[in-house]
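Enquirer: Structure in structure tokens, see below.
The values are calculated or read from the model by the stated rules, or taken from the named source; none is laboratory data. It should be emphasised that the depicted structure is a prediction, and the values quoted were computed from it without experimental measurement. Note that each Cβ is placed from the backbone with ideal geometry, even for glycine, and that neighbours are counted across all protein chains shown. Just so you know, the surface numbers come from the protein's heavy atoms only, side chains and all, with ligands and any DNA or RNA stripped out. Shrake-Rupley method; radii C 1.70, N 1.55, O 1.52, S 1.80 Å.
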Amino acid sequence: MPLDTELAPHPAQRQTAISEEFVAYCTAEFERRQNSGEEFDEAVYREAMEMTLTRLRQLEEEGLA
């Protein structure tokens, strides 16, 4: 039975990279926003996603994410 106080697994032990999880989340969120009928700035969304993804990948390469 897992404890609520367990530490997150070391990055090297993760099966799915955080950057991959982030891309999946952003893709779903992008589709949700497109289908919501509300306006949003797609270019700004994509730019922010790419900037964050670049940083996450850098952290992964350094073993920090």
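Enquirer: Name the pairs: first residue in the stretch 26-49 and without any contact (Cβ under 8 Å) to a residue 12 or more places away in the chain, second residue part of a helix (DSSP H, G or I) and surrounded by 11 or more Cβ atoms within 10 Å (Cβ to Cβ), Cβ to Cβ under 7 Å, at least 6 apart or on different chains?
Expert: Close Cβ pairs (under 7 Å, with a partner that is part of a helix (DSSP H, G or I) and surrounded by 11 or more Cβ atoms within 10 Å (Cβ to Cβ)) amount to 40/33.
Enquirer: Related question: Can you tell me how many residues in the stretch 49-65 are open to solvent by less than 50 Å² (accessible area, probe 1.4 Å) and more than 16 Å from residue 24 (Cβ to Cβ)?
Expert: 2
Enquirer: Suppose we keep only residues that are surrounded by 11 or more Cβ atoms within 10 Å (Cβ to Cβ) and either part of a helix (DSSP H, G or I) or among the acidic types (Asp, Glu) (or both) within the stretch 6-23. Which one would you say is modelled with the lowest pLDDT?
Expert: The selected residue is 11.
Enquirer: Condition check: at pLDDT below 95, loosely packed, with under 10 Cβ neighbours inside 10 Å, assigned to a loop (DSSP other than H, G, I, E, B) and touching a helix residue (DSSP H, G or I) at 6+ places or on another chain (Cβ under 6 Å). Does residue 37 satisfy that?
Expert: So residue 37 fails the test.
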